[in-house]
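K.L.:
Dropping the structure in here first, questions after.
The values are calculated or read from the model by the stated rules, or taken from the named source; none is laboratory data. Computed from a predicted structure; not experimentally measured. All Cβ positions, glycine included, derive from the backbone under ideal geometry; neighbour counts span all protein chains shown.
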Amino acid sequence: CDLTYRILPPAQDLNFASICVVNPYPLFVFSSTHYMRTVQISKTARQAENHVQYPGKMKRAKFVSTTVNTVSLNDALIARTKKLLGVKGYYTNLKDVSDADIIAHYHSLWHIEQAFRIAKSDIASRPIFHRKEVSIRAHMLICVMALALSKYIEIKTQQSIRSVLDVCRTVTDAILVHQKTNERIVMRSPMPGEMSDIEKLLSH
């Protein structure tokens with residue numbers, strides 16, 4: 001299809017040159033770091049040539065074309081892959097956002113992936129043993145609230161929630177109950193300095 005695009009100068013802070021297509025908004029970025037993967041492509045191409053020469057030992061190769069009776073090197077695919085080395089595409093429907101912001105948002109997706117990992121492991125949002133919709137919604141609401149609180153703690157302390165919890169677990173309470181009067185006496189273990197630092201950070 002016909003695409004209207006503009007060529008943008010390389011951004012010094014992000015080290016990329018981009019071509020932003022106005023309609024329907026894909027963004028193509030060239031990265032010198034990704035371009036260094038030429039060595040890996042060349043190695044894969046050599047492996048493909050070796051598989052073509054010795055088809056009996058061939059398991060699976062990227063640049064090899066096979067038919068019923070022939071095994072050949074896919075030169076067209078190799079040439080196209082080399083032309084696209086270092087080029088990465090982004091697709092967005094945001095119109096009033098700069099190219100640098102679009103790329104920055106994409107690079108921030110790991111925060112979302114991290115949130116899912118925390119929800120599954122540390123918060124243990126799954127498995128869900130509830131059957132009623134109200135109970136399931138309540139369970140997920142608690143998990144989302146715990147996730148938000150965990151993120152807040154990580155931002156304030158500059159530590160992972162797992163390391164903060166490990167420090168919190170070092171503080172234990174012993175409860176003594178008088179058998180006749182039922183009086184409860186709580187004896188807490190000494191609070192380590194690291195726990196005091198976390199408490200100060202969260203209190204501000």
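K.L.:
When you go through (1) among the hydrophobic types (A, V, I, L, M, F, W, C); (2) modelled with pLDDT of 80 or more; (3) within 30 Å of L201 (Cα to Cα); (4) under 25 Å from the mean Cα position of the chain (by Cα) one by one for V171, which number turns out not to apply?
P.N.:
(4)
K.L.:
I've got another one for you. How about the stretch 99-128: which of its residues are hydrophobic (A, V, I, L, M, F, W, C) and assigned to a helix (DSSP H, G or I)?
P.N.:
Once the filter is applied, which keeps residues that are hydrophobic (A, V, I, L, M, F, W, C) and assigned to a helix (DSSP H, G or I), the stretch 99-128 yields A100, I102, I103, A104, L109, W110, I112, A115, F116, I118, A119.
K.L.:
Report yes if some residue within the stretch 35-58 is outside any strand (DSSP E or B), farther than 18 Å from N74 by Cβ and modelled with pLDDT of 70 or more; otherwise report no.
P.N.:
yes
K.L.:
Which residues, counting only those in the stretch 111-127, are free of Cβ contacts under 8 Å to residues at least 12 places away in the same chain and either more than 21 Å from L202 (Cβ to Cβ) or surrounded by fewer than 12 Cβ atoms within 10 Å (Cβ to Cβ) (or both)?
P.N.:
H111, I112, E113, F116, R117, K120, S121, A124, R126, P127
K.L.:
Considering each of L85, L147 in turn, give the residue that is over 24 Å from T33 (Cα atoms), in contact with a Ser or Thr (Cβ under 9 Å, 6 or more places away or on another chain) and either at pLDDT 80 or above or not in a helix (DSSP H, G or I) (or both).
P.N.:
Working: L85 fails: over 24 Å from T33 (Cα atoms).
From the options L85, L147, the qualifying one is L147.
K.L.:
Only residues that are aliphatic (A, V, I, L, M) and more than 16 Å from F28 (Cα to Cα): list them for the stretch 68-104, please.
P.N.:
V68, V71, L73, A76, L77, I78, A79
K.L.:
Only residues in the stretch 134-161 that are touching a residue at least 40 places away in the same chain (Cβ under 8 Å) and buried (at least 17 other Cβ atoms within 10 Å of the Cβ) count as the first member; pair them with residues that are assigned to a helix (DSSP H, G or I) and among the acidic types (D, E), Cβ under 6 angstrom, at least 6 apart or cross-chain, and list the lot.
P.N.:
Close Cβ pairs (under 6 Å, with a partner that is assigned to a helix (DSSP H, G or I) and among the acidic types (D, E)) amount to I161/E154.
K.L.:
Please go through the stretch 162-196 and pick out each residue that is in contact (Cβ under 8 Å) with a residue 12 or more places away in the chain and of a type outside the set (A, V, I, L, M, F, W, C).
P.N.:
R162, T170, T172, D173, R188, S189, P192, E194
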